[in-house]
Amino acid sequence: MNTFIYHCKAGCTKTLKRMNRKYTSEDIKKATNLLRKNFEEAILTADIIVGFPGETEEEFEETYRLLDEIKLYKIHVFPYSKREGTVADKMVEQVSPEVKEKRSKKMIELSNKMQEEYNKSYLGKTVEVLIEEKLGEYYKGHTRNYIQVLIKYKDMQNTIVKAKVYDYNEHELIAKID
């Protein structure tokens, strides 16, 4: 499986430093390039916290630009929430809930756009799909690199099939058995 999840939390070096992370935005770029170079069709996702204490608008935009540049498949977005007893809980510059919500929405929009662009790149390709469950008139499964696929076909749960992608949406590919 070529699915990699970054637990990078941010893409701005200043924010990462406040989070006590030992890597920089440049390290994230290098790791992304290395993974793509060595793993065909790697699917890269990231867990990102928005609104970490002290995160300025400029820092948020730096994270946004980095993620847009490295073209992940999906971003798992989490608004920062205080945890009693942590260093971040005691930080003075807490970000307002309204700003965290605005930043979360913007980051989710970027994630949806990137996922749809990636799914579009699969149009016309044949993929192997592990069928996992029935959803109405479709069967849902995942490719080897964990892209969700819907296939309209006869009973085939818990099997691996080859299917040709003929459509997509923001979150999944839509395919048919050749």
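The values are calculated or read from the model by the stated rules, or taken from the named source; none is laboratory data. In this text, all values refer to a predicted model and were calculated from it rather than measured experimentally. Heads up, the Cβs are rebuilt from the backbone with ideal geometry, glycines too, and the neighbour counts pull from every protein chain shown. All accessible areas refer to the heavy atoms of the entire protein, side chains included, with ligands and DNA or RNA removed. Shrake-Rupley method; radii C 1.70, N 1.55, O 1.52, S 1.80 Å.
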For the range 20-178, percent of DSSP beta bridges that are antiparallel (nearest 5) comes out at 70 percent
Result for the chain: accessible area per residue, probe 1.4 angstrom, in square angstrom, of 57 Å²
In cubic angstrom per residue, the convex hull of the range 119-178 built on its Cα atoms measures 71 Å³
So, over other residues within a Cβ distance under 14 Å of residue 35, counting Lys, Arg +1 and Asp, Glu -1, the net charge is +2
Candidate span helices, the chain: DSSP H, at least 27 Å along axis from Cα coords, Kyte-Doolittle average at least -0.5, result none
Bounding extents of the range 77-178 in its principal axis frame from Cα atoms, largest first in Å, are 59, 25, 23
Answer in debye to the nearest 20: the dipole magnitude of the chain about its Cα centre, from +1 Lys/Arg and -1 Asp/Glu charges placed on Cβ, is 380 debye
The computed P(r) of the chain puts the percent of Cα pairs beyond 22 Å at 51 percent
Here the Kirkwood hydrodynamic radius of the range 26-103, Cα-based and in Å, equals 14.1 Å
With a 1.4 angstrom probe the carbon and sulfur portion of accessible area for the chain, in percent, totals 53 percent
The answer for GluC sites (Glu not before Pro) in the range 97-148 that fall in a DSSP coil and have at most 11 neighbouring Cβ atoms within 10 Å is 137
If every Lys and Arg gets +1 and every Asp and Glu gets -1 at its Cβ, then about the Cα centre the range 81-165 yields a dipole, in debye to the nearest 20, of 240 debye
Checked against the positive end of the charge dipole of the range 51-178 (+1 on Cβ of Lys and Arg, -1 on Cβ of Asp and Glu, about the Cα centre), the farthest of 92, 153, 121 is 153
Note on the range 108-178, DSSP bridge orientation, antiparallel percent to nearest 5 equals 85 percent
For the chain, averaging the sequence separation of alpha carbon pairs under 8 Å that lie six or more residues apart and dividing by its residue count, the contact order in percent is 18 percent
With every protein chain in place, the accessible area of residue 167 for a 1.4 Å probe, in Å² rounded to the nearest 10, comes to 70 Å²
